[in-house]
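The values are calculated or read from the model by the stated rules, or taken from the named source; none is laboratory data. Just so it is clear, the model here is predicted, and its values are computed rather than measured. Positions of Cβ are backbone-derived with ideal geometry, glycine not excepted, and every protein chain shown enters the neighbour counts.
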Amino acid sequence: MRAGDWIEIQEVDIASPEALKLHNHMNVVMETWDSAAMELVWSGPENVLANRWVEWDGTTLELGYEDRCQWMRDLDANVGLIIKTPGIPHIALHGQGRFHASLLDSSSAVSIDAHAYAGYIELDCELDSLTVRLHAGASSATAEGDVGTLLLFASGLSGVDASAVLADRAFINQSAHPPLRFRALEYAYIELNSHSNVVGRLPKPLDYQVVRNGSGELLWED
């Protein structure tokens with residue numbers, strides 16, 4: 001079946017959810033804006049986008065599309081989605097692709113959970129609290145900005161580089177193969193549950209605690 005010509009579809013005045021779940025293979029850009037409602041801008045082959053969905057499960061909004069095998073299309077041309085939102089505290093990623101979010105509300109706490117996800121996560125932060133959990137997949141997350149409390153968990157083939165985040169406090173669980181990087185000023189709690197290392201950016205926090213359950217080490221670098 002022919003996937004169709006490349007088009008854009010705009011959906012406006014969508015109520016802002018308490019949680020967002022993203023499915024399938026998409027390149028997503030999320031931007032924070034002042035409106036009380038959400039706006040979605042989809043881009044991709046028209047027959048593929050005809051099978052997109054915007055569904056509610058209680059206060060959770062789920063976005064994705066049915067990626068049927070019979071489409072004849074260039075698989076390098078992924079479905080794109082731009083999300084403009086007043087802010088969403090809980091975000092879950094399933095599938096694959098890229099996720100780039102600007103999280104710029106210093107009074108907010110945001111958690112991002114990538115489960116069975118393969119792809120790249122890029123975060124620009126100005127938050128009270130940021131939680132990033134990567135598990136049951138192969139994803140790479142990078143973050144930069146200012147955060148009060150930073151909580152990071154990685155397992156399997158997933159890795160986090162938060163060395164460009166200036167955090168007051170950091171709570172780290174390293175259960176992955178790639179190294180995990182962070183930076184904290186006041187306090188850090190580090191659990192080493194795998195063979196891989198945690199790398200802290202200098203200067204060291206005023207106080208830190210290390211729990212070793214694996215063979216990984218806590219290292220420091222400029």
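Starting from residues that are in contact with a Pro (Cβ under 9 Å, 6 or more places away or on another chain) and of a type in the set (S, T, Y), keep the ones in the stretch 30-58 and report whichever is surrounded by the fewest Cβ atoms within 10 Å (Cβ to Cβ).
Only one residue tops the list, namely S35.
State which residue pairs qualify: first residue not assigned by TED's automatic domain parsing to the domain that holds Q96 and buried (at least 17 other Cβ atoms within 10 Å of the Cβ) and inside the stretch 15-29, second residue of a type in the set (D, E, K, R) and in a loop (DSSP other than H, G, I, E, B) in any location, beta carbons under 7 Å apart, and separation of 6 or more residues or different chains.
Final answer for the pair search is N24/D67.
Among the residues of the stretch 35-47, is any touching a helix residue (DSSP H, G or I) at 6+ places or on another chain (Cβ under 6 Å) and among the aromatic types (F, W, Y)? Quick ask: steps written out before the conclusion?
The initial filter retains those residues of the stretch 35-47 that are touching a helix residue (DSSP H, G or I) at 6+ places or on another chain (Cβ under 6 Å), namely 42.
Then keep just the ones that are among the aromatic types (F, W, Y); that gives 42.
Yes, because at least one residue in the stretch 35-47 is touching a helix residue (DSSP H, G or I) at 6+ places or on another chain (Cβ under 6 Å) and among the aromatic types (F, W, Y).
For the stretch 151-170, indicate whether the set of residues that are acidic (D, E), at pLDDT 95 or above, in contact with a strand residue (DSSP E or B) (Cβ under 8 Å, 6 or more places away or on another chain) and closer than 20 Å to K21 by Cβ is non-empty.
no
Would you mind finding the one in A184, A170, A164 that is in the same structural domain as T149 (by TED's automatic domain parsing), surrounded by fewer than 18 Cβ atoms within 10 Å (Cβ to Cβ), within 15 Å of G145 (Cβ to Cβ) and within 22 Å of the chain's Cα centre (by Cα)? It would help to see each step written out before you state the result.
Working: A184 fails: surrounded by fewer than 18 Cβ atoms within 10 Å (Cβ to Cβ); A170 fails: surrounded by fewer than 18 Cβ atoms within 10 Å (Cβ to Cβ).
Exactly one residue qualifies, and that residue is A164.
Only residues that are in contact (Cβ under 8 Å) with a residue 60 or more places away in the chain and of a type outside the set (A, V, I, L, M, F, W, C): list them for the stretch 104-119, please.
Correct list: D105 only.
Pairs, please: C-beta under 8 Å, at least 6 apart or cross-chain, first residue within 16 Å of D113 (Cβ to Cβ) and outside the structural domain of H94 (by TED's automatic domain parsing) and in the stretch 143-161, second assigned to a loop (DSSP other than H, G, I, E, B) and of a type outside the set (G, A, S)?
Filtered contacts from the stretch 143-161: no entries.
So for the stretch 120-139 (the condition being more than 19 Å from L104 (Cα to Cα), part of a strand (DSSP E or B), touching a Leu at 6+ places or on another chain (Cβ under 7 Å) and without any contact (Cβ under 8 Å) to a residue 40 or more places away in the chain), does at least one residue qualify?
Yes, the stretch 120-139 has at least one match.
Search the stretch 201-222 for residues being at pLDDT 95 or above and acidic (D, E), and hand back the single one that is farthest from R181 (Cα to Cα).
Only one residue tops the list, namely D207.
Name the pairs whose Cβ atoms lie under 7 Å apart, with the first residue in the stretch 34-57 and on the phi > 0 side of the Ramachandran plot and in the same structural domain as I7 (by TED's automatic domain parsing), the second assigned to a strand (DSSP E or B) and at pLDDT 95 or above, and 6 or more positions between them or separate chains?
G44/G80
Of all residues in the stretch 13-40, how many are closer than 19 Å to D57 by Cα and not basic (K, R)?
The number of residues fulfilling the criteria is 15.
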